[in-house]
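The structure appears right after this line, and notes come after that.
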Amino acid sequence: MRRYLTIAATITIPLCLGAIPASVAAPHVATPAKKSAITVIATLHGLHAKSPRYSYSTLYSLIACLKPDHIGVEIRQEDLGRPKEYLEANYPREMIDLASGKASVFGFDWLGDDVAHAPIPADWWSRQSPMKRLERELDRDARSHDSRLAAITARENEILANATPGALNSRLYDDLNDAYYARLAFLLAGTDYEALSEFYARRDYHLALNIAAFVKRHEGSRIVVVTGADHRSALMRLLKSWFGEALQWAPIEECPGEAGGTSPGV
């Protein structure tokens, strides 16, 4: 299994909206006086370190080229400003680098109500997280070995191995990712692992809500949201459904993102 917050890999997505509790409402979006422009950029997390065409410096150059007023990072807002050692134990490198840069940064991650508004325990990932425990159990369960999932994963791995900003931020990867988690949700339905699919969908929904709240407070801004590749399609789908024409979508094609640059100080 390849989910939750696996720092060295990619992260989340199905859109099983039936798993979203009624108390988590979609935001009301009024027509703004001035539209914000938003770009959602998919990242490789730890794979950037070995990627020949989508390195950390390529990512940072792309973001700098977009000239954002604000950058959203996949870190909980309450964790911004915590010690570097704490952040390194819980978040991917590019998120930490961007959070320490010169730009205005906001955090939009959500890891569950059981750790909300509190520091993540040191043994959270190895012992305490119920979702990580389920993932480990599912990895050992023969029911998780499905030929259709394997075929989708193989096609995704081809994209990841030769990733460029354009290839990863494309409908091709998004469609494969959605297909993977739709298939996974089907396989887990009615099993002891069904809570995993429900959590994945709920997490994406909370991430989108956090981003939407920030966008609503910063009308007329240019915002770049940086997220693990497996989140991208759900975030874009939800934000588009909520904001409609009230939000301008700025494609990464505005910038090649291939130039040099080693600093995230954008």
Apply the Karplus curve 6.51 cos²θ - 1.76 cosθ + 1.60, θ = phi - 60°, to the phi angles in the stretch 36-49 and return the couplings in whole Hz, x for Gly and Pro. 8, 10, 10, 10, 9, 10, 7, 10, 9, 6, x, 5, 4, 4
If Lys and Arg each add +1 and Asp and Glu each add -1, what is the summed charge of the other residues whose beta carbon sits under 10 Å from the beta carbon of residue 35? -1
Ranked packing of 46-54, 93-101, 119-127, 217-225, most packed first, by mean Cβ within 10 Å: 93-101, 217-225, 46-54, 119-127
Cα-Cα longer than 18 Å, checked against 84/132; 34/102; 35/240, kept in input order, equals 84/132; 34/102
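Rule-based calculations on the coordinates, nothing more; no lab input. Quick caveat, the model's predicted, so the values are computed rather than measured. Cβ atoms come from the backbone with ideal geometry, glycine included; neighbour counts cover every protein chain shown.
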